[in-house]
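The values are calculated or read from the model by the stated rules, or taken from the named source; none is laboratory data. If you're wondering where the values come from, they're calculated on a predicted model, not measured in any experiment. Neighbour counts are summed over all protein chains in view; Cβ atoms, including those assigned to glycine, are modelled from backbone coordinates with ideal geometry. Each accessible area value is taken on the protein alone, full model and side chains, heavy atoms only, with ligands, DNA and RNA left out. Shrake-Rupley method; radii C 1.70, N 1.55, O 1.52, S 1.80 Å.
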Amino acid sequence: MLIHSAAQLLTISGGPQRGRDLGQLGIIEDGAVLIRDEKIVTVGKTSDLRAAHPNEPMHDAYGCVVMPGFVDPHTHVIWAGDRAREFEMRLEGAKYLDILAAGGGIISTVRSTRTASIETLIAQTRSRLFRMFAHGSTTVEAKTGYGLQTATELRLFKALLALEEESRLDLAFTFLGAHAIAPEYKDNPQGYVNLVCETMLPILSQWWEVHAPGRPLPFVDVFCETKAFDLAQSRQILTQAKGLGFPLKIHADEFDNLGGASLAVELGATSADHLVKTSDADIAALGQSDTVAVSLPCTPFGLAELDYTPAQKILDANGILALATDCNPGTAWNESMQFVIALACRALKLTPAQAIAASTINSAHAIRMADRVGSLEPGKQADLLILSVPDYRHLGYRFGTNLVKQVIKKGRVYSVDVGYYRTA
Ligand code: NIG
Ligand code: FE
C-alpha cells in the first residue's frame, strides 16, 4: 500500500534526540510512504513514489499530517474501579500522600484490583487500551502494581498478555510490585521489600519463561518516594532485579527529591520517570547517561499541582527527554498522548516539534523498542497516524479533541470514527 499526498510526512528518523537536538521531525512535504507485509519499505515524495510504484494500492492522505504512532512509555493501565471520590477530597484540601498513608490512594485501588475477576480486569482495561489506540498510541507500556502480592501481580501480567493478544496494540511490560507497601506489611515495610526481592522477582523470572516465552523480560520499576520506598529500599530492589537480568525503570522525584534519578543512572536504568523535584545534580547525571528522562505532565495537572518537570534544564544538560500519559486511577486518568503534548507545550515550554519527538522516537527508546517503532524508516513496523490537520503544529496548539483520522497498525488501517475492531 502506498499512502500518498500527505501535506507533511513526519519521518522523525534517527535518534534518540538528545538535549537541544530534540524536535527534528524530518518533514517531507507532499510525502508518501510505501508499506508491505506490516513494514515500512520506503518514504519519499509522492511524485517519486507514485512513479516508482504505479500498481500499488493507493491510500490517499491528501491535506493530512502522516506521522509515526505515539509510543506511550509509562502507564498503569491495568486496574479495577475508580477513585472519583478521592479526586473530590483532594479538591477539598486533602493531600495525595496523606490519603495514601491513611490506607487510601494506591491501596484503595489495590483492594478493588485484588477482588476483581480476571474478566473484569480485562474488560475495564480493554476500554482504556481502546481509547489509547483511538487517540493514536500504537505502542503502550503497561505496569502491574495494584496487586502487591505475588499471585495478583502475576494475574495482572496474565491479563495484560491476553489483552495484547486480542488488541492491535504492542505492549511493553513492567513489574511494579514496589508501587506501595502492601497493606499486610504496613508495620513491617522492610519485610515487604524483602518479599519483593527474595520471592516475587525470582518467581516472576521463572513465570515469564513459561508464560511469555521468547519475549524480553519485563522492566522492574520502583516508586522511590516519601511514604513509598526510600532510596536504600529502591536500590535493594533494583539491584536484585538487575542481578536477575531485568531491565530497570524508576518513579523518581514526583513529590520529593530522594536521589532516585541518580540511582537510575548508576544502575543503568532504561528510564527515570516523573522528575518534578529533580535536583541539578540529578539532572546533570541524567544528561551524561543513556537513561531516558520521562516526563508525565498529566500527573501534576491531574493533582492540580503547580510544579512540572524542569524540561528546559534537562535539555540544556543534554538529556534524552520523553513524554508519557502515566494513565492511572489516582493522579492522571488520561489516555491521550495528544493531550500530553498540548500540556507539555504549555507547562514544559516544549515546541510542538519537541513534544512530538518526545512522544515517538524518544519514548520508543524509553521502552527499548526504538528498533521497531517510533519513526517512519525503512524496516520499521508500519505503525502510522493520519491526522486530520494540515500542519504538525496543530498537535499542541489544539487540545481536548481527537485529531486522529486513521490509525495504521502493522499496515492495517483502522478508521477511528468506525471503531477499533473494524478495518476501514
Ligand atoms: O505515577 N506514583 C505512583 N504511581 C502513580 C499513581 C498511582 C495511583 O495513585 O494509583 C503515578 O502517579
Ligand atoms: Fe507512574
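I need the shape label for region 1-138. Rule: rounded when a/c is under 1.5, else prolate if a/b > b/c, else oblate, with a, b, c from the alpha carbon gyration tensor.
Note, shape of region 1-138 comes out prolate.
Give the shape of region 72-365 as rounded, prolate or oblate, defined through the alpha-carbon gyration tensor: a ≥ b ≥ c are the square roots of its eigenvalues, a/c under 1.5 means rounded, and otherwise the shape is prolate if a/b is larger than b/c and oblate if not.
Here region 72-365 falls in the rounded category.
Return a whole-number percent for the relative contact order of the chain, with Cα pairs under 8 Å and 6 or more residues apart as the contact set.
Relative contact order of the chain: 22 percent.
Gap in Å between the Cα centre of region 284-302 and the Cα centre of region 315-332?
Centre-to-centre (Cα) distance: 5 Å.
Suppose each label sits 7 Å from its Cα in the direction of the beta carbon; what would the Val413-Ala151 distance come out to in nanometres?
If labels sit at Val413 and Ala151, their model points lie 4.9 nm apart.
For the pair Glu119 and Gln288, how long in nm is the line joining their label points, each one 7 Å along Cα→Cβ?
Roughly 5.7 nm, to one decimal.
Subtract the Cα-Cα distance of Glu198 and Ser127 from 0.36 nm times their separation in residues, and report this length gain in nm to one decimal.
Length gained between Glu198 and Ser127: 22.1 nm.
Which value in deg cm²/dmol, rounded to the nearest 500, describes the helix-derived mean residue ellipticity at 222 nm for the chain, given -39,500 (n - 2.57) per DSSP H run of n ≥ 4 and division by the residue count?
Using -39500 (n - 2.57) per qualifying helix, the result is -10000 deg cm²/dmol.
So which GluC sites (Glu not before Pro) in region 1-97 end up in coil per DSSP with only 14 or fewer other C-beta atoms within 10 Å?
Glu38, Glu92
Would you mind calculating the gained length between Thr401 and Arg36 on full extension (0.36 nm times residue separation, minus the Cα-Cα distance), in nm to one decimal?
Full extension from Thr401 to Arg36 adds 128.3 nm.
Roll a 1.4 Å probe over the protein chains and send me the accessible area per residue for the chain in Å².
Result: 37 Å² of accessible area for each residue.
From the square roots a ≥ b ≥ c of the eigenvalues of the alpha-carbon gyration tensor of region 337-424, which class results: rounded (a/c under 1.5), prolate (a/b over b/c), or oblate?
It is oblate, given that a/c is not under 1.5 and a/b is not larger than b/c.
Along Cα→Cβ, 7 Å out, is where each label goes; now give me the distance between the ones at Gln206 and Lys95 in nm to one decimal.
Label-label distance for Gln206 and Lys95, simple model: 4.3 nm.
Measuring from centroid to centroid over Cα atoms, what is the spacing of region 364-380 and region 47-118 in Å?
20 Å
Any idea how far the Cα center of region 6-30 sits from the one of region 205-244, in Å?
Centre-to-centre (Cα) distance: 34 Å.
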